[in-house]
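The structure appears below as structure tokens.
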Amino acid sequence: MSAAVTVRLFEGPLAASSTAEAPPGAGAVWVFEGRVRPEEDGRSLTALRYEAYPPMTTRQLEALAEEVRLAHGVFALHVEHSTARVPVGEVSFRLTVHSAHRKAGLAAADAFIDRMKRDVALWKTPLFAGEAEAARGG
């Protein structure tokens, strides 16, 4: 994998963002953070539980990031994703894209997120308010 791609999985919510140092020539830095919403399908959530098989999930995310980086001509993609329980309002996913121009960075971010949701071995289980988390593996 190239040095232009990094992937990290974290147990629980992600820490506050610290934008990675931009490579030379990067005129745009896109940081997308996915937060756990308070509702899903009209029901109140307390958290989401994310599951992954880290060796496989990391390889899939790295390969996808490298493919998207090359396809969109961006300098770098940095991926962070939570595993385990992430409470409402906390960050569970962060994607940072470094590109020469905004349009390429935005297109790369959009493509990466769509493909990640469809193709990567990451599973989420909603933990609804009023339901015992122990019954859902919590």
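At 222 nm, what helix-only mean residue ellipticity would the chain give, in deg cm²/dmol to the nearest 500, using -39500 (n - 2.57) for each DSSP H run of four or more? All intermediate terms of the calculation are to be shown ahead of the outcome.
Values: 2 runs with 37 residues, N = 138.
Rounded to the nearest 500, the figure is -9000 deg cm²/dmol.
Amide H contacts for F10 (H built 1.01 Å from N in the peptide plane; partners 5 or more residues away or on another chain; cut-off under 5 Å): H81, S82, T83.
Cβ under 14 Å from A104's Cβ, A104 left aside: what net charge do those residues give with Lys, Arg +1 and Asp, Glu -1? List each step's numbers first, then the result.
Values: positive: R69, R102, K103; negative: D110.
Taking every Cβ under 14 Å from that of A104, the sum is +2.
From zero up to wherever the largest Cα-Cα distance of region 1-53 sits, split into 10 Å bins and tell me the percent of pairs in each. Per 10 Å bin, starting at 0, the Cα pair percentages come out as 15, 38, 30, 14, 3. Couplings 3J(HN,Hα) of region 116-127, computed from phi: 4, 4, 8, 10, 9, 6, 9, 10, 10, 10, x, 10 Hz, in residue order, whole Hz [Karplus 6.51 cos²θ - 1.76 cosθ + 1.60, θ = phi - 60°; x for Gly and Pro]. Annotation: average projected area of region 1-99 is 6.9 square nanometres, based on the convex hull of Cα atoms across all directions. Take every DSSP beta bridge whose two residues both sit in region 5-105; close to 75 percent of them are antiparallel.
Carbon-plus-sulfur fraction of the accessible area of the chain, 1.4 Å probe, in percent? Can you show the working numbers first?
Values: 3940 of 7520 Å².
Roughly 52 percent, rounded to a whole number.
Measuring between their Cα centroids, region 80-135 and region 39-79 lie 6 Å from each other.
Per residue, the chain exposes 54 Å² of accessible surface when a 1.4 Å probe is rolled over the protein heavy atoms with every protein chain present.
Each residue of region 62-71 was assigned a 3J(HN,Hα) from its phi angle through the Karplus expression (A = 6.51, B = -1.76, C = 1.60, θ = phi - 60°), giving 4, 5, 5, 4, 5, 4, 5, 4, 5, 5 Hz with x at Gly and Pro.
The values are calculated or read from the model by the stated rules, or taken from the named source; none is laboratory data. Please read all numbers here as calculations on a predicted model, not as lab measurements. Quick reminder, even Gly has a Cβ in these numbers, built from the backbone with ideal geometry, and neighbours come from all protein chains shown. Accessible surface areas use protein heavy atoms only, side chains included; no ligands, DNA or RNA. Shrake-Rupley method; radii C 1.70, N 1.55, O 1.52, S 1.80 Å.
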